[in-house]
Amino acid sequence: MNKSYAEQFYYLMKLGRVFELRAKEEYMKGNIGGFLHLAIGEEAVHVGSVLGFGKGDVFVHYREHVYALAKGIEPKYIMAELFGKITGVSKGKGGSMHLYDPKFNFYGGNAIVGAYIPHAVGTAFARKYMGDTTGVLVAFGDGATNSGNFFESINTASKWEVPVLFLCENNYYAIGTRIDRVSPFVDLYKKAKDYMPAKQVDGMNIFEVFDAVKKAKEYIESEGKPYFIEALTYRYEPHSITDTGDYRSPRELKIAKEKDPIENLKAIALREGLLTEDYIKFVDDKVKQIVEDAVEFAISSPEPPLEELYKDVFCEVCIDVVS
Amino acid sequence: MLYREALNKALDEMMSRDSSVVLLGEDIGFYGGNYKVTEGLYARYGEKRVIDTPIAENTIVGTAIGMAIGGLRPVAEIMTVNFSLIAFDQIVNQLAKIRYMSGGKITLPMVIRMPQGVAKQLAAQHSQSLERLFASIPGLRVLVASDATTAYYGLKFAISTDDPVIFLEHLLLYPEKMEIEEEKHFSPYRARIKKEGEGITIISYLKMLHDTLKAVPTIEKELDTTCEVIDLCSINPLDVETISKSVKKTKRLVVITEEPKTGSYANEILNKVLEEVFYELDAPPLKIGAEDVPTPYNRTLELASIPTPEKIAKQIIIWGRKHGI
Amino acid sequence: MEYKITMPQLTDTMETGKIVRWLKKEGDFVEENEPILEVETDKAVMEVPSFRSGVLKEILVEEGEEVPVGTQIAIVQTEIEKKEETTPKETKEEKEEITISIPQESQEEGQKLPEGTASPSAKRLARELGIDIKIYQEKGLLPIPAHEKDIKELFYKNFFDKDALELIKRYSLSLEEIVKHLKKEKITKKDVLEFIQENNIPQILPISDIQLKVIENLKKSTSIPVFHIYEQIKTGNLPKVEDITLTVWIIKILGDTMQNHYRTRVKLEENIYKIYPNSNICIAVAIEEELFMPVIKKVNKKTLREIALELKILKEKAQSKRLSLDDITGSTFSISNLGMFDILSFDAIIPPQRVGIVAIGTQKRGKTKVTFSFDHRVINGREAALFVDEFKKRFTDTDYLNNLKEEPLNKDLSQS
């Protein structure tokens, strides 16, 4: 593992954490509305998978701020979107759950559990059809593996032989229901193993996630076939801001927090000499400034003008005749 | 030429013109399509462009959305409109909204083709019309192909435009013989006047249009007037202008759909048109539609549940006499 | 077993037939040879029987439709007992024409609307014309609810007297247009007539189906190469016999003359001449502006009285449009007499499948002008000249004429 990756890992995970904590604060102030799903505790999976996957399309769920940051979308545009401003990545029309930017191969941000898994299959088909061997990454939670979308998609991707990496973030809870209450087994990779190679990794360790995803990417692109990874992780925050989170015991939370992915990375990297205390301090200061700037940008950005209401419903340049 | 052959011709032309056009659906490839609309295309374009899918409508639409994101122009066939309900999350929550939610950054140039309507004794789960559902979802274009001309040009347009299009066909029209009238510039969102008249404006589409045209001679004879029959062509957007212009002339409006009357798309037509022409009306508008029941299996009951040429004629004649024609 | 009924060939010139009425409906039992429908040919309306007994399973051609001879028009299911229940086949929706029954009184009872009720457009028009709908409705001069046409009628009635309105209806004129044109307070029938004449407005009269057939046949006649012979016959000296008109004399004498000239008894078909032994003559009969051509057969064998009686019966049949197939087929020569109209002489058109016609003018000073037209494809000038010459001479042959006069009425005929 080289130094530059470790630095990237730390920078993005820290940026994600600070960004989300600040978003939570702005939500409490009333600057952000609707749902706000935080990924605090899951940063290793989000950052590790995006960096491990490298080039390629990414489809993810509604807990996607860190994914979007890792993909390279500027924090200020994401924060502005959370604030519902015209400068937001989706012009203030999508909000926290709908960050889209094809420039960064980032396709949401989708608020229906599992519904976008077939989109990833379709896009992988399209890329392959057009001679592009680059794979597609789709990430979803443990709850989604109980849905028809999931089963239909692994069946279709496997039969069509398209390069999709199915990444399941198993944080054990679908909102307030623990996975063993709704799934016959909790090792979720078993649900896919008859269709494609499937493996389980420690999602609290970014090095492990990174390596597994990197290898999977090589497999899907060389074979042109799908692959499944289950990353075991944990979200420290409730499902969303409006959720009390009281279905989890303080003891369970305490144990999970002891495995904090950022602290985990720091410990390993300092021990291995991949990061220095100076660098860490430098990053901590820097992300704080970046997030402050992002909030400042979001606050000072204008609201979408009223005519924006009718824009982007349909194609505005299409000609309504055919011959 | 048959109605379904007009659709096939449109698909074939668009596929040969643009290699990013692909078809996907149940039974459409090797088998040739349950209603033979895609017949011969598998042999011509191969399994990579005429893709057989599992019986998983949600995934048919879902993967098609992905294909559109990835740069293709997929044309998804849902075997009948009834099964589109399984894919409604994809259609309503995904297809219709992604463009808007992404601030216009993602376009989904794709078509979902499907036949609807009451055929013959297919019973309730296979005999319905759902245009009202699609019409009420912002972000979807909804076209209805009532004859070979609108089938051919309409489908070509649906494939070539960047908006997602719900393209509705009718089960009973597939084997009907009709010809494509050549048009230099076809406007898919304009209603088409099928027959000019002075006394009553009748709006219809799909099979009901044909039933209406059969009923018209009797109506005209009995009421001693002439009917202007308009093929709607586009459900969304609705061509209020063409309809209003006609109603201003005839002062009387009838809307005929195959949907059950309660909540049918006819209500939307009436509402939008009445806002324009209320003071011009010489009779309360008449809505003709199916009964508010699930479609029965028994043939007699089935025919009793939907408008037929006889019932259309009778209802319009009674209405006309009551309101001063 | 299914027995197919096709459009029958009912007359020699028939190419298509129009179904006037089905005497049985789908599901009805029909006896062998029982009439099943009425067909209108180019000549008359005729009943057509089913040649098998069975259930009328399906009517393939609806009333009012016209189809070529030989077209399948119905299916009779044979080998079915009369009592057996038959389920009507569901073919309604495939049919082009639709049949509906509408209750006569469609106005809903018991729902009395208040005075002042009118359609939005009626209200708007009334306002423009200064009509108070409520007042007129209270007087019973406007219906409740009032529609646009009621307001218009009320408004324009003030301008017209009753006769004028009737005339306007007959000519389908626009009330607005006349009011605008005449700019008068009260418009009379005379005003309207002047309007009609000034603008040369035609009255529309629909052409009957039978007349359309005649027009079609006449069109065919124009393709026949025709020549004419103009003559004058002495008709003043014919013996006086009660009930025997000049037409009857001419029929008889023409029939006798035809016996000596076989080409007048010919029917031209493709590549052959068919020569018939008897003199069968058709007579043009006009009934209410429609033309019929009933045939008197075997004129050569009939007496003057027999011919007179037969002509009377045929005219009556034509009057009631009940001429049978037999009544209108099989003639080779025709007569058209316009003598009663004080016409000196005229040319007549040869009806299709006939070789000639004689047109008879008015008797003037004991003489009558006749014009013969011949189909040149059958009769040459010489033969025609000899034929006309003999016909003419017979009118001066006293013995022959007296002989005809003496012949008694045939017994069979007198009984019928």
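Residues whose amide H comes within less than 5 Å of that of C:Ile36, counting only those at least five positions distant or on another chain, are C:Val48, C:Ser50 (H built at 1.01 Å from N in the peptide plane). When +1 charges are put on Lys and Arg Cβ atoms and -1 charges on Asp and Glu Cβ atoms, the dipole computed for the stretch C:210-415 relative to its Cα centre reaches about 180 debye.
What's the exposure ranking of B:Met178, B:Met79, going from fewest to most Cβ atoms within 10 Å? If you can, show how the numbers build up before the last one.
Details: B:Met178 17, B:Met79 20.
Listing B:Met178, B:Met79 from fewest to most nearby Cβ atoms yields B:Met178, B:Met79.
Distance from the C-alpha centroid of the stretch C:308-338 to that of the stretch A:1-53: 107 Å, rounded to the whole angstrom.
Build a GNM of chain C with springs between Cα atoms under 10 Å apart, and of C:Arg265, C:Arg394, C:Arg170 the one that fluctuates most is C:Arg170. Taking θ as phi - 60° and the Karplus parameters 6.51, -1.76 and 1.60, the scalar couplings of the stretch C:284-291 work out to 6, 10, 9, 10, 6, 6, 10, 10 Hz in sequence order, x denoting glycine and proline. Rounded, prolate or oblate, given the Cα gyration tensor of chain A, with a/c below 1.5 counting as rounded? Here chain A falls in the rounded category.
Based on the alpha-carbon gyration tensor of the stretch A:153-240 and its eigenvalue square roots a ≥ b ≥ c, which shape applies: rounded if a/c is under 1.5, prolate if not and a/b is larger than b/c, or oblate?
Details: a/c = 2.45, a/b = 1.49, b/c = 1.64.
The shape class here is oblate.
Farthest towards the positive end of the charge dipole of chain C, among the residues C:Leu212, C:Ile328, C:Ser223, is the Cα of C:Ser223, using unit charges on the Cβ of Lys, Arg, Asp and Glu.
Of the chymotrypsin sites (Phe, Trp or Tyr not before Pro) found in the stretch C:302-408, the ones in coil according to DSSP and having at most 15 other Cβ atoms within 10 Å of their Cβ are C:Phe346. If you find the alpha carbon centre of the stretch C:227-299 and of the stretch B:246-298, how far apart are they in angstrom? Centre-to-centre distance over Cα atoms comes out at 67 Å.
Which whole-number percent gives the relative contact order of the stretch B:192-322, counting Cα pairs below 8 Å spaced six or more residues apart? Walk me through the intermediate numbers first.
Details: 220 pairs, mean separation 38.1, N = 131.
This gives 29 percent for the stretch B:192-322.
Springs join every pair of Cα atoms under 10 Å in this Gaussian network model of chain A, and among A:Phe207, A:Phe185, A:Phe83 the largest mean-square fluctuation is at A:Phe185. A Förster radius of 22 Å combined with the Cβ-Cβ distance from B:Glu275 to B:Glu182 puts the calculated FRET efficiency at roughly 0.05. The residues neighbouring A:Lys288, those whose beta-carbon lies less than 12 Å from its own, together hold a net charge of +1 under the Lys/Arg +1, Asp/Glu -1 convention. For the stretch A:115-216, a simple Cβ point-charge model (Lys and Arg +1, Asp and Glu -1, everything else neutral) yields a dipole of about 160 debye relative to the Cα centre. Listed as lacking a disulfide-compatible partner in the protein assembly as shown: A:Cys168, B:Cys227, B:Cys233, C:Cys282, by the criterion of no other cysteine Cβ under 4.7 Å. Equivalent-ellipsoid semi-axes for the stretch A:1-115 (Cα gyration tensor, √(5λ), whole Å, largest first): 22, 16, 12.
Applying a threshold of 26 Å to the alpha-carbon distances of C:Lys213/C:Lys267; B:Lys245/C:Lys123; A:Lys85/A:Lys257; A:Lys93/B:Lys48 flags A:Lys85/A:Lys257; A:Lys93/B:Lys48 as lying beyond it.
Per residue of the protein assembly as shown, what 222 nm ellipticity follows from adding -39500 (n - 2.57) for every DSSP H run with n ≥ 4, rounded to the nearest 500?
-11000 deg cm²/dmol
Checking every one of the trypsin sites (Lys or Arg not before Pro) in the stretch B:12-51 against DSSP loop status and a limit of 15 other Cβ atoms within 10 Å picks out B:Lys48.
Scanning residues 5 or more positions from B:Lys195 or on other chains, those with amide H under 5 Å from its amide H are B:Val229, with H placed 1.01 Å from N in the peptide plane.
Summarising the amide proton neighbourhood of C:Gly17: residues at separation of 5 or more, or on other chains, whose placed amide H is nearer than 5 Å comprise C:Val67, C:Val69. Across the stretch A:3-310, the mean sequence separation of Cα contacts (distance under 8 Å, 6 or more residues apart), normalised by length, yields a relative contact order of 25 percent. Ranking B:Phe134, B:Ile269, B:Gly71 by how far each Cα lies toward the positive end of the dipole of chain B (charges on Cβ) leaves B:Ile269 at the top.
Within straight-line reach of C:Lys139, meaning a Cα separation under 19 Å, sit the following aspartates and glutamates at least 8 residues removed in sequence or on another chain: C:Glu115, C:Glu148, C:Asp150, C:Glu153. Placing +1 on the Cβ of every Lys and Arg and -1 on the Cβ of every Asp and Glu, with nothing else charged, gives the protein assembly as shown a dipole about its Cα centre of roughly 1920 debye. Once the dipole of the protein assembly as shown is set up with Lys and Arg at +1 and Asp and Glu at -1 on Cβ about the Cα centre, which of A:Phe166, A:Met97, B:Leu301 lies farthest towards its positive end? My answer, from the dipole projection, is B:Leu301. Evaluated over the stretch C:2-82, the count of Lys pairs having alpha-carbon atoms less than 17 Å apart is 9 (only pairs 8 or more residues apart or interchain). Of C:Thr41, B:Thr63, C:Thr222, B:Thr107, the sequence from fewest to most neighbouring Cβ atoms within 10 angstrom is C:Thr222, B:Thr107, C:Thr41, B:Thr63. Pairs over the 24 Å Cα-Cα cut-off, from the set B:Lys194/B:Lys221; B:Lys287/C:Lys134; A:Lys71/A:Lys215: B:Lys287/C:Lys134.
According to the square roots a ≥ b ≥ c of the eigenvalues of the Cα gyration tensor, what is the shape class of the protein assembly as shown, taking rounded for a/c under 1.5, prolate for a/b larger than b/c otherwise, and oblate for the remainder? Prolate is the answer for the protein assembly as shown, as a/c is 1.5 or above and a/b outweighs b/c. Applied to the stretch A:244-252, the Karplus parametrisation 6.51 cos²θ - 1.76 cosθ + 1.60 on θ = phi - 60° returns per-residue 3J(HN,Hα) values of 6, x, 7, 7, 10, 6, x, 5, 4 Hz, with x for Gly and Pro. A Förster radius of 56 Å, combined with the Cβ-Cβ distance separating C:Asp243 from C:Glu2, puts the computed FRET efficiency at roughly 0.55. In percent, rounded to a whole number, the relative contact order of the stretch A:128-248 is 32, using alpha-carbon pairs under 8 Å and six or more apart. Couplings 3J(HN,Hα) for the stretch C:29-35, derived from phi with the Karplus relation 6.51 cos²θ - 1.76 cosθ + 1.60 (θ = phi - 60°), are 8, 10, 6, 4, 6, 7, x Hz, where x marks Gly and Pro.
Values quoted throughout were computed directly from the atomic coordinates according to the rules given, and no laboratory measurement underlies them. Please read these numbers as outputs of a predicted model, since none were measured by experiment. With ideal geometry, Cβ positions are generated from the backbone for all residues, glycine too; neighbour counts draw on all protein chains shown.
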